[in-house]
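Engineer: Before I ask anything, here is the structure I am working with.
Values in this text are rule-based calculations from the coordinates and carry no lab data. None of the values given here were measured: they were computed from a predicted structure. Here the Cβ positions follow ideal geometry from the backbone for every residue, glycine too, while neighbour counts run over all protein chains shown.
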Amino acid sequence: MRTHLAAAVGSVVLTAGTLLGAPAAGAQTSTAYPTSDFTINFGATWTRGTVTWYNRSVRVVGQHRSAVGDSPVTCRTTWAYALQGNRAVIGMGGGYPIACGTITPYDFAVPADKPGGAAYVRVCLDDGNLKDLACQLIPRPRQLAS
């Protein structure tokens with residue numbers, strides 16, 4: 001009985017020590033994730049931003065612009081698709097917020113739940129009704145071995 005109690009106490013102490021030594025959730029680490037910038041133009045409208053590449057997702061941050069002063073007002077939004085090496089879609093995200101006659105910021109994550117994450121991201125400027133107007137295929141940056 002004492003052996004089990006000692007083992008249990010030891011396990012609790014080791015677990016507590018591990019948890020106390022771990023960085024807080026969401027804390028910055030010294031690992032820099034690779035990024036890729038993009039700009040996509042379609043007439044007087046555009047989307048531009050940065051893709052940050054993680055192991056099982058990508059984050060897309062930027063702004064899109066719909067033409068100002070058009071009548072009727074045009075609307076635009078940005079979508080992104082995470083792709084494997086064979087370019088099969090493994091995740092998609094975006095579509096909100098929609099810019100109608102304005103410049104609007106966006107920030108969204110796209111799942112890429114495969115080992116190593118996405119090999120490519122396809123970012124598209126959309127008409128606000130699920131019609132891609134112009135897209136850019138972005139390859140994952142190669143990381144140099146340290």
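Engineer: What is the extension gain from Tyr33 to Asn55, computed as 0.36 nm multiplied by their sequence separation minus the C-alpha to C-alpha distance, in nm to one decimal?
Structural biologist: Taking 0.36 nm per residue and subtracting the Cα distance, the gain is 7.0 nm.
Engineer: Let me ask something else. Using θ = phi - 60° and the Karplus form 6.51 cos²θ - 1.76 cosθ + 1.60, what ³J(HN,Hα) does each residue of the stretch 38-50 get, whole Hz, x for Gly and Pro?
Structural biologist: In residue order, the calculated couplings are 8, 9, 10, 10, 9, x, 8, 10, 7, 9, 8, x, 9 Hz.
Engineer: For Asn129 paired with Thr102, estimate the spin-label separation in nm (one decimal), with each label point 7 Å from Cα along the Cα-to-Cβ line.
Structural biologist: Placing both labels 7 Å along Cα→Cβ, they lie 2.1 nm apart.
Engineer: While we're on this one: What list of ³J(HN,Hα) couplings, whole Hz, do you get for the stretch 100-116 from phi and the Karplus terms 6.51, -1.76, 1.60, once you set θ to phi - 60° and write x for glycine and proline?
Structural biologist: Listing the rounded values in order: 10, x, 9, 9, 10, x, 9, 7, 8, 9, 10, x, 9, 7, 9, x, x Hz.
Engineer: Also, quick follow-up: Could you pull out every residue, at least 5 positions away or on a different chain, whose amide H is within less than 5 Å of the one on Val68? Hs are placed 1.01 Å off N in the peptide plane, and Pro or chain starts have none.
Structural biologist: none
Engineer: Sticking with this one: Using only the Cα atoms, work out Rg/Rh for the stretch 84-144, with Rh taken as the Kirkwood radius, to two decimals.
Structural biologist: That ratio is 1.01, to two decimals.
Engineer: Also: Given H placed 1.01 Å from N in the peptide plane, which residues other than close sequence neighbours of Ser57 have an amide H under 5 Å from its amide H?
Structural biologist: Ala112, Ala118
Engineer: Sorting check: for 126-136, 58-68, which peptide has the highest mean count of neighbouring beta carbons within 10 Å, and how do the rest follow?
Structural biologist: 58-68, 126-136
Engineer: Based on the alpha-carbon set only, what is the convex hull volume of the stretch 39-110 divided per residue, in Å³?
Structural biologist: About 85 Å³ per residue, rounded to a whole number.
Engineer: Work out the FRET efficiency for Arg48 and Met92 from their Cβ-Cβ distance, taking R0 = 22 Å, and round it to the nearest 0.05.
Structural biologist: With R0 = 22 Å, the Cβ-Cβ based efficiency is 0.70.
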